[in-house]
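The structure appears right after this line, and notes come after that.
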Amino acid sequence: MTNKGHENLIPTTHFTEEEQREFAKKGAAASAEVRREKKKRKLILQDILELKLNEKVASKIAKAYGVDAKDISLEVAMDFMQVNKAIESKDTQAYNAVKDRVYGKPKQEIQQSIDVASTPTTNSIEEVEALLGDIAKTDNTES
């Protein structure tokens, strides 16, 4: 089954400038709403991660890792759990997640080489000009 949803699309060139502006305005408003919602979710999640754990759980984590219990937030507890998973389960993904969290993700560099003739030959220029001439002739005959 193929997706034929694109068949009913109308190019923007078929609309007046005023209609195109209206479409753009509606798109900008929708985009702004999505940005506001994402920001709101991010702030709520940050607030949740900053919550302090109950004393019993916090003191247990603090004792295990040698830190002060009052410094243990939900986020810190989750970080400790990730470290623990990396060590106890020998989980490489957990290890990488901890390293990325502390040191940042490493940048991946892509090396690419392209062999290009230093100067184009006269022959290749002539071929391009002939091709462009053929295209121009085709355009004129279709009109």
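Take the Cα of Ile114, step 7 Å toward its Cβ, do the same at Asn8, and the gap between the two points is 4.2 nm. Convex hull volume of the C-alpha atoms in the chain, normalised per residue: 339 Å³. Contact order, relative form, for the range 1-108: 13 percent (alpha carbon pairs under 8 Å, 6 or more residues apart, mean separation divided by residue count).
Read-outs throughout are calculated quantities, based only on the coordinates presented, and are distinct from any laboratory measurement. Quantities reported herein were computed from a predicted structural model and do not represent experimental measurements. Every residue, glycine as well, gets a Cβ built from its backbone with ideal geometry; the counts of neighbours run over all protein chains shown.
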